[in-house]
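Structure record follows, encoded as structure tokens.
The values are calculated or read from the model by the stated rules, or taken from the named source; none is laboratory data. What you see is a predicted model; the values in this text were computed from it and never measured. All Cβ positions, even for glycine, are placed from backbone atoms using ideal geometry, and neighbour counts span all protein chains on display. With ligands, DNA and RNA removed, areas are computed over all heavy atoms of the protein, side chains included. Shrake-Rupley method; radii C 1.70, N 1.55, O 1.52, S 1.80 Å.
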Amino acid sequence: MSIWNIDEKKRNIEKLNFNKKVDILIIGAGITGLTTAYFLKNKNICVVDASIIGHGITLNSTAKINYLQENIYNNIINNSSYENATLYLESQIYASKLLKEIVLKERINCDLKEVPSYLFSSNEKDILTLKKEVEFLRNNNIDIKSKKIIFNKNNYDAYYVKDTYIFNPIKYLKFLYKKLNSLNIPIYENTKVLRIQKLKDKYICFGKNFKITANKVIMASQYPYFTFPFMLPIKSYIEKSYMVVSRVKKDKNLTFISLKKPIYSCRFYENKGKIYQISLAKSHNTAYKQNDKKHFEDVKKIFNLKEKDIIMKYSNVDVMTPDSLPYIGEIRKNLYVATGFNTWGMTNGVLSAKIISDNILGYKNKYANLFNPNRITFLNLLKVPAYIFNNLNTILGTKIFKNKIWYPKNVSFINDNGKSLACFEDENGKKHIVYNKCPHLGCSLLFNEEEKTWDCPCHSSRFDIDGKCIKGPTNYDISVNNKPLKNDINIK
Ligand SMILES: Cc1cc2nc3c(=O)[nH]c(=O)nc-3n(C[C@H](O)[C@H](O)[C@H](O)COP(=O)(O)OP(=O)(O)OC[C@H]3O[C@@H](n4cnc5c(N)ncnc54)[C@H](O)[C@@H]3O)c2cc1C
């Protein structure tokens, strides 16, 4: 549950349980997958989602459509080049316009609103970097003005632009779902692809009760479940952030975000006469700090929120890349990925949809090269040992220490004849026992006390207290009633 589906009603879900042949299979029905389907609606396509449309990372996004993205342009200049930073800026403005165009053309009621966005430095020592970010934007003809903002009772130097947007991504996706349905495009929910096999020039995608044969496959699943040939675990890391939604009296009609860590971000949302503030903070690499309960408490303190006004708390994760550029495009013939959005997936999801659909439809896209998913840059190579260390550090750290320090008494770890199990005892004394091993790459799990889930610190798979997988990249549950299964790490 998030603020975006607060009004969502139960509906019949169509699940795939027979074999199918299509030209293009889209795996994942978040903002990336459904927008891609929208652009490819005249082709023979099919969309499958392991869960419900929009219920992946998109559900817990703050859903700003924004090109002020922390200090991303400085990062791209430092890690890549000035020209690439300029092209990235252009691509984000292009994607915002594209999204706005779809909403206007289709008259989608998704609470799209133009609001000014502020970028500020919460740290004196970063003022120079903030100025450099602003200088870059001004050199690229962005009308960015200076204005102080008050945050956490302090006055900060800030800069703002006016042409940025906010919306409700679930309302947007629900519209696309209805539209695609009306065009007889098959969309199956609760339909998970477990394995992909290449057979001559076709891809065979296997699920529990189905097999889909496709000429082209688009992995719009945020984190592809397979490791080879793409090797995402050594080309990225996972960042997690904490959001608290509270009722407020006034819609300040703005969004803000800090330039660098600690990230503070905020926006407002009005729905049925009620105004909500979405406050985000405590972003961190999941290989480190994991005390979710404390992080939510910190967000509450930082934003000075009163417990009585709080209606929801949830966390979210995204895939971060070494050069701050997403991975979008073909990784091998007719197999596409769209990931590594560095927490800016409303623009980058739509951009991925356009780049991939242009490629399939035979149109040139000027941004395709910038996001080439097979790019090998010096920086990307340089970061590989760090990411391997990150993975090992997390695997060993969770295996040896299990971060017991902050766990409540009702969480325990059991060694059952060499099998590593984890147990959560609920308020009625019922014990929920699961395998303490993520089927993706074998990392030990951490208990998320606030959301009552077992979370994998390595690549962000999540499971409920009985071991049901609620988020990939893993494809399998960790329930002790089932035989433990391992993800296929290969496209065969
Ligand atoms: C805290 C936070 C705040 C953010 N705020 C913003 C913001 O303000 N603005 C912005 O631009 N971006 C923001 N983002 C980033 C943005 O939310 C994501 O990048 C974006 O939602 C990713 O969309 P997606 O469609 O690629 O992935 P998802 O929404 O995760 O969709 C992927 C879908 O694939 C399905 N799937 C996975 N595996 C399989 C399988 N094996 N078989 C079938 N289906 C499968 C999943 O069920 C899921 O529905 C934020 C991210 C975070 C972490």
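Things to note:
- Sequence-distant residues sharing a close amide H with LEU194 (under 5 Å, placed H): PHE206, GLY207
- Accessible area in square angstrom per residue, the chain, 1.4 angstrom probe: 44
- Between the stretch 35-69 and the stretch 90-149, the C-alpha centres lie 22 angstrom from each other.
- Per-residue ellipticity at 222 nm from helix content only, as computed over the chain with -39500 (n - 2.57) for each DSSP H run of at least four residues, stands at -8000 deg cm²/dmol.
- Accessible-area composition of the stretch 401-471, carbon plus sulfur, in percent [1.4 Å probe]: 50
- Surface composition of the stretch 190-325: carbon plus sulfur atoms hold 52% of the accessible area, using a 1.4 angstrom probe and ignoring ligands, DNA and RNA.
- Under Karplus coefficients 6.51, -1.76 and 1.60, residue-wise ³J(HN,Hα) of the stretch 224-233 in Hz, glycine/proline x: x, 5, 8, 8, 9, x, 7, 6, 4, x
- Residues whose amide H falls under 5 Å from that of LEU485, counting only those 5 or more places apart or on a different chain, are absent, with hydrogens built in the peptide plane.
- Longest to shortest principal axis, alpha-carbon extents of the chain, angstrom: 60, 57, 50
- Taking label positions 7 Å along the Cα-Cβ direction at both ILE234 and LYS430, the computed distance is 4.4 nm, reported to one decimal.
- Estimated inter-spin distance, ILE489 and GLU8, nm [label 7 Å along Cα→Cβ]: 3.3
- Each peptide in 190-197, 457-464 was scored by the mean count of other Cβ atoms within 10 Å over its residues; highest first, the order is 457-464, 190-197.
- The modelled label-to-label distance for the pair LYS162/LYS145, using points 7 Å beyond Cα in the direction of Cβ, is 0.7 nm.
- Given +1 at the Cβ of Lys and Arg, -1 at the Cβ of Asp and Glu and no other charges, the dipole of the stretch 1-107 around its Cα centre is 540 debye to the nearest 20.
- Per-residue ³J(HN,Hα) for the stretch 314-328, Karplus 6.51 cos²θ - 1.76 cosθ + 1.60, θ = phi - 60°, Hz, x for Gly and Pro: 8, 10, 8, 10, 9, 8, 10, 10, x, 9, 6, 10, x, 9, 9
- Residue-by-residue Karplus 3J(HN,Hα) for the stretch 331-345, coefficients 6.51, -1.76, 1.60, Hz, glycine and proline x: 8, 8, 3, 6, 10, 10, 10, 8, 7, x, 7, 6, 6, 10, x
- Order by protection proxy (mean Cβ within 10 Å, highest first), peptides 223-233, 178-188: 223-233, 178-188
- Protein accessible area in the stretch 91-165, 1.4 Å probe - carbon and sulfur %: 46
- Maximal additional length on extending the LYS249-LEU361 stretch stands at 35.5 nm, based on 0.36 nm per residue less the C-alpha distance.
- Taking a sphere under 10 Å around the Cβ of LYS43 and counting the other residues whose Cβ falls inside, with K and R at +1 and D and E at -1, yields a net charge of +1.
- Ordering 442-454, 80-92 by mean Cβ neighbour count within 10 Å, with the highest value first, yields 442-454, 80-92.
- Rounded is the label for the stretch 401-471, because the ratio a/c of its alpha-carbon gyration tensor axes (a ≥ b ≥ c) stays below 1.5.
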